[in-house]
1. I'm trying to understand the selection: among the residues of the stretch 263-275, which are within 16 Å of Val297 (Cα to Cα) and either touching a helix residue (DSSP H, G or I) at 6+ places or on another chain (Cβ under 6 Å) or outside the structural domain of Gln89 (by TED's automatic domain parsing) (or both)?
2. Take Leu247 and tell me if it is within 18 Å of Thr128 (Cα to Cα), of a type outside the set (Val, Ile, Thr) and crowded, with 17+ Cβ neighbours inside 10 Å.
3. Restricting to the stretch 237-262, count the residues that are assigned to a loop (DSSP other than H, G, I, E, B), within 22 Å of Gly299 (Cβ to Cβ) and of a type in the set (Gly, Ala, Ser).
4. Looking at (1) of a type in the set (S, T, N, Q); (2) modelled with pLDDT under 95; (3) surrounded by 23 or more Cβ atoms within 10 Å (Cβ to Cβ), can you tell me which one Ser177 breaks?
5. Of all residues in the stretch 225-234, how many are assigned to a loop (DSSP other than H, G, I, E, B) and buried (at least 21 other Cβ atoms within 10 Å of the Cβ)?
6. Which helices (runs of 4 or more DSSP H) sit wholly inside the stretch 112-224 and have at least 2 residues that are among the polar types (S, T, N, Q)?
Amino acid sequence: MKPDVGPRVRYAAALNAAAGAFMIACAGHVPAQDFPARPLRIVTAEAGGGSDFSSRIIAQRMSASLGQQVIVENRPSGVIPGEVVAKAQPNGHTLLLYNNILWIGPLIQPAPYDPARDFAPVSLVGHTPSMLVVSTALPVRNVSELLGLARTRRGELNYASTGSGASNHIAAELFKSMGGVDIVRVNYKGGGIALNAIMAGEVQMMFTTVVTGTPHVRSGKVRALAVTSAQVSPLAPELPTIAASGLAGFESTTATGIFAPARTPSAIVRTLHQSISSGLTLEEVRQKFFAAGMEIVAGGPDNLREVMRTDLKRVGTIIGRIAIQRD
């Protein structure tokens, strides 16, 4: 057992640590009036995915409005993008573009950051709703009929998922919880494989993005029942919401936001948000995101913070109840 060094020594050590942290922060500080002083970077997930797509469109518009080059830096998905930005200097030159997994992921596995403490919300980019699709062999035409069937055949129906904590996993578990049904999860390595499994009759239902699911719905290979957004989505205006189809209060979408490291000066956060928002409000930009399945919001820091808060409250309850573990 180590001897107690005493309260004065511990207090001095704490002061030294605080002073060191302050000096590091100051070393990277850029006065708001001089911002941006050099090129910026947006750290996001691997190239080719939705986060990469969003980052490149936003980076192009920010470069034009800020007069500095904005570079997209791709990192492996998971906790790595968040870890990079959480440790960056809080001077506004390093940003993070990521979705719900940034704040939901730490509920599932330990992360090297605290999503509430280590980031400064900058902009809510938008929401990506999903659609609930079922096998055409399933004798249901709407959510109420699906719930009724699941209640009479407890444990007999399956749903496809693409990984613990994925948006389709969370949506399905929320559906089960709110609907009081027992539907068994079957995990697949990708969304395409999961949809093929529905078409082959291996599983009966799945939550998939509107963009991914629509071609299969139109070809008659799967049947769409509803969307997961709170309101009818312009991405699929012909579909009702799950909330209006027998499961009041249901909502499960993927939110995408942009963050800076914690302690980034508020004036710099405002400048960044204004730059991002001005680009997102352009019709040509909105159409690009719409074609990719995202509804633009262009909300401010408070909007993004509230999305995180409500999402964590809703999803945290579900994760705690089913004790989600990584696959």
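The values are calculated or read from the model by the stated rules, or taken from the named source; none is laboratory data. Since this is a predicted model, take the numbers as computed values, not measurements. Reconstructed Cβ throughout: ideal geometry from the backbone, glycine too, with neighbour counts over all protein chains shown.
1. Correct list: Ser275 only.
2. no
3. Of the residues in the stretch 237-262, 4 are assigned to a loop (DSSP other than H, G, I, E, B), within 22 Å of Gly299 (Cβ to Cβ) and of a type in the set (Gly, Ala, Ser).
4. (3)
5. The total comes to 3.
6. Answer list for the stretch 112-224: 143-152, 167-179, 210-218.
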